[in-house]
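Undergrad: One structure, as structure tokens, below. Some questions next.
The values are calculated or read from the model by the stated rules, or taken from the named source; none is laboratory data. None of these values were measured; they are calculated from a predicted model. Note that we place each Cβ from the backbone using ideal geometry, even for glycine, and neighbour counts take in every protein chain shown. Note: areas computed on protein heavy atoms with side chains; ligands, DNA, RNA excluded. Shrake-Rupley method; radii C 1.70, N 1.55, O 1.52, S 1.80 Å.
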Amino acid sequence: MDKKGLSKGAVFEKLQEFKKKDLTYSSGKILGSMCTCAHPVAIKAYNDFLESNLGDPGLFKGTKSLENEVISMLGQLLGKKDVYGHVITGGTEANLMAMRAARNMAFEFFGNNLTEKMEIVAPKSAHFSFKKAADILGLNLKDVELDDEYCMDLDSLQENISKNTVAVVGVAGTTELGKIDPISEISDICMDSNIYLHVDAAFGGLLIPFLKEIGYKLPEFDFSLEGVCSMTVDPHKMGLTPIPTGCILFREEKYLDVMNIDTPYLTQKQQSTIVGTRTGASSAASWAIMKHMGREGYTKIATNAMEITDFLARNLVNAGYELVSAPELNIVAFNSKKILANDLANKLEEKGWVVSVSSCPPAIRVVLMPHIKREHIIDFMETLKNI
Ligand code: 0PR
């Protein structure tokens, strides 16, 4: 750090130099991200609550009520109004909390009788945050095979479940391909075996309910299925809030209770979150945008995203590219018959387009977030055809 400070003007001028190197969502060039431009209403609410700290909720009772209302609105959308949970930093933290709850439930149940390492059973398509959770919590992660449609294979699930399983994970909107696992069947299997089921709907949670409302035939995936113990939903993906905003929802309060830590000198118990000091701005932003959009507003966002998805998929097929499979949500994965996915991604990047490459199977992956407009896709197709 320098001894003397810079003037305000000089500081902001320098910051702009850094910012110029960043890409922007509004340019339409970011094609492989699950984040997008935050809505102005959410941004204003976020800014208005910058000083609130939900790590000490007794000081910020208004913000705490906003957090509770956000969790309840999401629960209502996802099949159960009286759920328990928190507005946190994103899907990784939510998945970590869910796995911690599941592990602690198993500790409570088995006590000292546990001798072998406990396991999380998750599809190969699950987000890498479960690897982090397994590592942090001292659990093994067992991979479940996928079926021909890249969803969890139920026979493989049955084979992987054992007496050491503390949690099964299903995904509603996989990161790479936007696929929805057969959560209803998974829920039945978990109920039969008395195993904790977590649904990672970080991406699909604020998308699938709205698409279903307008007639898309998508499978059940939420708390309406009795076996679902917890869900991850990220407002900073399809919910249009600023980063960082994720949510963890639990069916029953006991799942939070098993994570309770004594926080003696605080005005109110901090309860079970992993982080201590945490922003209340994400709760305010989520509350504001959900109230502002309503189900109708989010349905429009979801419909537009699917229209652009269809537009890209049709253009790709007409231009001779191969789709990995029919898009279920707003993600298109495709391959060229002439050039490998990684090489194509590099060539696209040279021309300013940032796509990502999926691993299973290798393919160019485009996420049609709300910042991607029809004109961007027309330009993108033009570039593709000239490679
Ligand atoms: N669960 C699912 C299904 C996800 O897709 C993701 C992230 C997570 C959990 C973890 O969420 P957080 O990253 O909020 O902790 N999915 C994106 C991914 O890994 C995140 C992302 C977003 C990556 C924007 C890049 C990017 O530009 O691809």
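Undergrad: Ordering Glu67, Glu375, Glu108 from largest to smallest accessible area (1.4 angstrom probe), what's the sequence? Walk me through the numbers before you get to the answer.
TA: Details: Glu67 0, Glu375 110, Glu108 140 Å².
Result, largest first: Glu108, Glu375, Glu67.
Undergrad: All other residues with a Cβ under 12 Å from the Cβ of Leu23 taken together, and with Lys, Arg as +1 and Asp, Glu as -1, what is their net charge? Show your work: numbers first, answer last.
TA: Working: positive: Lys19, Lys20, Lys21, Lys29; negative: Asp22, Glu349.
The answer is +2.
Undergrad: Based on the alpha-carbon set only, what is the convex hull volume of region 158-262 divided per residue, in Å³?
TA: Details: hull volume 13.9 nm³, N = 105.
Hull volume over Cα atoms, normalised by residue count, gives 132 Å³.
Undergrad: Right, something else. Could you list log10 I(q)/I(0) for region 122-204 at q = 0.11, 0.18 Å⁻¹, which the Debye formula gives when each Cα is one point scatterer?
TA: -0.25, -0.70
Undergrad: Give the carbon-plus-sulfur fraction of the accessible surface of the chain in %, rounded to a whole number; probe 1.4 Å, heavy atoms of protein chains only.
TA: On the way: 9350 of 18340 Å².
Reported share for carbon and sulfur atoms: 51 percent.
Undergrad: If you don't mind, there's one more thing I want to ask. What is the distance in Å between the Cα centres of region 146-171 and region 1-55?
TA: 40 Å
Undergrad: While we're looking at this one, here's another question. As a check on your grasp of the helix formula, calculate [θ] at 222 nm for the chain: sum -39500 (n - 2.57) over DSSP H runs of n ≥ 4, divide by the residue count, round to the nearest 500. Don't skip to the end; give the middle numbers.
TA: Working: 12 runs with 156 residues, N = 387.
After summing the helix terms and dividing by the residues of the chain, the value is -13000 deg cm²/dmol.
Undergrad: For the chain, what is the accessible area per residue in Å² when the probe is 1.4 Å? The partial results should precede the final answer.
TA: Numbers: 18340 Å² over 387 residues.
Ligands and nucleic acids excluded, the result is 47 Å² per residue.
Undergrad: Another question, then. How big is D, in µm² s⁻¹, for region 311-387 by Stokes-Einstein at 20 °C and 1.002 mPa s if Rh is the Kirkwood radius over C-alpha pairs? Walk me through the numbers before you get to the answer.
TA: Values: Rh = 12.5 Å.
The Stokes-Einstein estimate is 172 µm²/s.
Undergrad: Same structure, new question: Report, to one decimal in Å, the Kirkwood hydrodynamic radius for region 60-211 based on all distinct Cα pairs. Kindly include the intermediate steps, with their values, before the conclusion.
TA: Working: mean 1/r = 0.0617 Å⁻¹.
When all Cα pairs of region 60-211 are included, the Kirkwood radius is 16.2 Å.
Undergrad: Could you tell me, in Å, what Rg and Dmax come out for the Cα atoms of the chain?
TA: Spelled out, the Cα radius of gyration and Dmax of the chain are 21.7, 67 Å.
Undergrad: Accessible surface of Leu256 in the full protein assembly, 1.4 angstrom probe, to the nearest 10 Å²?
TA: 10 Å²
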